1. Taking residue 134, is it over 29 Å from residue 42 (Cβ atoms), surrounded by 15 or more Cβ atoms within 10 Å (Cβ to Cβ) and in contact (Cβ under 8 Å) with a residue 60 or more places away in the chain?
2. Here's a check for you: in the range 103-117, which residue that is modelled with pLDDT of 80 or more and assigned to a loop (DSSP other than H, G, I, E, B) is surrounded by the most Cβ atoms within 10 Å (Cβ to Cβ)?
3. If we keep just the residues of the range 37-61 that are surrounded by 13 or more Cβ atoms within 10 Å (Cβ to Cβ) and farther than 20 Å from residue 86 by Cβ, which is farthest from the chain's Cα centre (by Cα)?
4. For the condition surrounded by 12 or more Cβ atoms within 10 Å (Cβ to Cβ) and either outside the structural domain of residue 78 (by TED's automatic domain parsing) or within 25 Å of residue 301 (Cα to Cα) (or both), what is the one hit in 196, 179?
5. Sort out which residues of the range 1-25 are assigned to a strand (DSSP E or B) and more than 22 Å from residue 297 (Cα to Cα), and write them in order of number.
6. Only one of 89, 129 is without any contact (Cβ under 8 Å) to a residue 60 or more places away in the chain and touching a strand residue (DSSP E or B) at 6+ places or on another chain (Cβ under 6 Å). Can you tell me which?
7. I'd like the full set of residues that are at pLDDT below 90 and over 20 Å from residue 155 (Cβ atoms), limited to the range 68-82.
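The values are calculated or read from the model by the stated rules, or taken from the named source; none is laboratory data. These figures come from a predicted structure and were not determined experimentally. So basically every Cβ, Gly included, is an ideal-geometry build from the backbone, and we count neighbours across all protein chains shown.
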């Protein structure tokens, strides 16, 4: 599930509209949560599956603590709702986060101002229906044919959170151990727009995500994602008196829509090599994540001739 800030609220440094979107949000920002769902038949459109979206605190699996079928609509006054609540959404969820929660005890500011968790429950075409899936969660019954996904949003950057609280009159002291984190800016999302395909060791050809590629039966097919400078955040932090340059660590994991005879991932070069031994079509997906919870994905359809 990819998270993007699409409209900035009253807090934080002004976001550059020409830069990639950020996945770290501040109170009153408007964000969009976009899931990627794939099955044997390819990429699924969540909107056709009648999903029920919800928002809750950051503990995870919050539907196990309430009666999911009785969820009420959200009123997001503060960052984290008091109880899990529902929101309208189809293929994606758009929501405006609540504001900071003011506390009488300054030491409690960070513990109560947490990022919320967003999630959805849906039924596949072969499943029992979304309402039944929700009821089965509450009754601890089988979730066969159901989809259930959650993602805790990332709040940040830390410096902008501190500055936002200062605007509200709080004098926030950051511990010495957390001071290096103040130099880390908001994290940007990577993108997967094209993938490179090499057949039997030949020169790579670039294809746009979602294209169909025809390969000979029996061929060895290498698919690779090549990150660009825009995909990698670089920043400097002060640590023990030294200025250190840090960059995001990107990881690409590969998946195929059906079993293939060979499927060897090269995690360093963000590539996978698979063998087209069978005539059936196959979809190859990559999910890219960095170490600060940003996410992107891409896929190619392969016809075996």
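1. no
2. Filtering the range 103-117 for residues modelled with pLDDT of 80 or more gives 113-117.
If we keep only those that are assigned to a loop (DSSP other than H, G, I, E, B) too, we end up with 113-116.
Numbers: 113: 21, 114: 16, 115: 21, 116: 27.
The selected residue is 116.
3. 42
4. 196
5. 7
6. 89
7. 68, 69, 70 - these are the residues of the range 68-82 that are at pLDDT below 90 and over 20 Å from residue 155 (Cβ atoms).
Residue-by-condition table, conditions (1) in contact with a helix residue (DSSP H, G or I) (Cβ under 6 Å, 6 or more places away or on another chain); (2) assigned by TED's automatic domain parsing to the domain that holds residue 23; (3) in contact (Cβ under 8 Å) with a residue 40 or more places away in the chain; (4) closer than 23 Å to residue 35 by Cα:
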{"position": "230", "(1), (2), (3), (4)": "no, no, yes, yes"}
{"position": "233", "(1), (2), (3), (4)": "no, no, yes, yes"}
{"position": "237", "(1), (2), (3), (4)": "yes, no, yes, no"}
{"position": "241", "(1), (2), (3), (4)": "no, no, no, no"}
{"position": "253", "(1), (2), (3), (4)": "no, no, no, yes"}
{"position": "259", "(1), (2), (3), (4)": "no, no, no, no"}
{"position": "277", "(1), (2), (3), (4)": "no, no, yes, no"}
{"position": "283", "(1), (2), (3), (4)": "no, no, yes, yes"}
{"position": "291", "(1), (2), (3), (4)": "no, no, yes, yes"}
